[in-house]
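Every number in this text was worked out from the coordinates using simple rules, so none of it is lab data. Model, not experiment: these values are computed from the prediction. For neighbour counting, all protein chains shown are included, and Cβ atoms are generated from backbone atoms with ideal geometry for every residue, glycine included.
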Amino acid sequence: QVQLVESGGGLVQPGGSLRLSCTASGTIIRINTMGWYRQAPGKQRELVATTTSRGSPDYVDSVKGRFTISRDNAKNTVYLQMNSLKPEDTAVYYCNADTISLPGATRRVSWGRGTQVTISS
């Protein structure tokens, strides 16, 4: 089993910053890609950013230049630094991880429960 726990959400004004964290725990052998998704009210969940095990990032166009994804493999943790936040960034942000874990060296794609990010003046 793999558990993902997010933290760092909250309410900030437009133009502000937040840093999200997500830590994976469990009988993990290896973590491949980790990423952040978000879901705004009435909309489908969308990919925000991903990072490979070597730290190669990828971003949805709407956050390029504003968000930075990073990871600490020693801590099984992925971060999302969000700057110049806009009201349209308001959503529940979910952590995602593609892992190999016990029992059986099984590949699993796991999700966190989400953390609310609200951008409002």
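Points worth noting:
- Peptides 88-94, 39-45, ordered by how many other C-beta atoms sit within 10 Å of their residues on average, highest first, read 88-94, 39-45.
- Simple label model, 7 Å out from Cα along Cβ direction - Gln39 to Gln3, nm: 2.1 nm
- Inter-site label distance for Thr52 and Ser21 at 7 Å from Cα along Cβ, in nm: 2.7 nm
- Packing here is the average count of other Cβ atoms within 10 Å per residue, and on that basis the peptides 66-74, 79-87, highest first, run 79-87, 66-74.
- Distance between the pseudo-spin-label points of Asp61 and Lys86 (7 Å out from Cα toward the beta carbon): 1.2 nm.
- Mean separation of Cα contacts under 8 Å (6+ apart) over length of the chain, as relative contact order %: 37 percent
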